[in-house]
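S.K.: Have a look at this one.
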Amino acid sequence: GVVLLGASQAGSPDVATPEERAEAEAWVGCWRRAIAEDPTHRQALAALVEHAEKREDWPRAVELLGLEAGATNDSTSKAVILTRAGDHLRLRTGDLDSACVRYTAALEVSPRLVAAARPLADIFFQRRKWKEYEDLQRRFGAELALESGPRGVAEAFWRVGTCVLELGREEEGTLGGGREVLAELAQRVGVARDVEGRERVLQERAEAEV
C-alpha cells in the first residue's frame, strides 16, 4: 500500500471515491483501478480482500475472494481462498448454503483439504445429511474432529455413532459403515492418552525436583 499511496500523491490520476479520500484511504482507489485494468491481478485482489475484512464488509470480502480464486492457477491456493470465503459466509454472515458451495468447490480442487472438509462435515451433521456426512467421514476419518485431545475425539465418536445409527434406519445393511472410522478414532484416543500420561509424568518429576 505504501508504494501505491506514494504514486497517488506524486500526481497519478485520482481514482479514489469521496469516502476513501475522506478516510485517508486513497490507495484503495489505486487497487480498484488495478483490477479494473486487470481483473486477474492477484496482489491487488488480495489487498482489497484484506481491506474489506478489516472493515468487516463480509459480502464484499467474499466477492473479492471469489475473484481471487478465479485468478489463481495453483489448486491448493485456490482451495484455501475458497475455504476462507466459506468461513466468512459461515461465521460472519450465517449463510450456510453459500458456505457449503465454497467448501465443496475447495474440495473439488484439493480433495484432501481438512480445513474445508471439517466445517462442511459439521454443517452436514447439524442438518442431518447423513449420507453426505458419511462420505466425508470415510474420506477423512478422525481428521474431522472439531477439537484436539480426548474431548474432541469423544465428540467425533458420538457423531460417527449417530451417523451409523441414522443410516441404519434409512437403509438396510449400512450399520457397519463406520467401523473403520471408529477404529481410527480409537487409535487416536490411545495416542492422546499416551501423550497425556507422558506429560503428567514429566510434570510430576519437575515438581519433585523443586
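The values are calculated or read from the model by the stated rules, or taken from the named source; none is laboratory data. The structure displayed is predicted, hence computed values, not measured ones. Using ideal geometry, Cβ is built from the backbone for each residue, glycine included, and neighbour counts are taken over all protein chains shown. What goes into the accessible areas is simple: the full protein's heavy atoms, side chains included, and nothing from ligands, DNA or RNA. Shrake-Rupley method; radii C 1.70, N 1.55, O 1.52, S 1.80 Å.
S.K.: Output the residues belonging to the stretch 145-155 that are in a helix (DSSP H, G or I) and either open to solvent by 10 Å² or more (accessible area, probe 1.4 Å) or among the hydroxyl-bearing types (Ser, Thr, Tyr) (or both).
M.R.: Selection gives Gly149, Pro150, Arg151, Ala154, Glu155.
S.K.: If Ala142 passes every condition in (1) modelled with pLDDT under 90; (2) open to solvent by 20 Å² or more (accessible area, probe 1.4 Å); (3) hydrophobic (A, V, I, L, M, F, W, C); (4) under 30 Å from Val80 (Cα atoms) but one, which one does it miss?
M.R.: (2)
S.K.: Any residue in the stretch 57-69 that is touching an Asp or Glu at 6+ places or on another chain (Cβ under 8 Å), open to solvent by less than 40 Å² (accessible area, probe 1.4 Å) and among the small types (Gly, Ala, Ser)?
M.R.: yes
S.K.: Do we have Gln137 as open to solvent by less than 30 Å² (accessible area, probe 1.4 Å) and at pLDDT below 95 here? First the steps, then the outcome.
M.R.: Numbers: open to solvent by less than 30 Å² (accessible area, probe 1.4 Å): yes; at pLDDT below 95: yes.
Taking the combined requirement at face value, the residue satisfies it.
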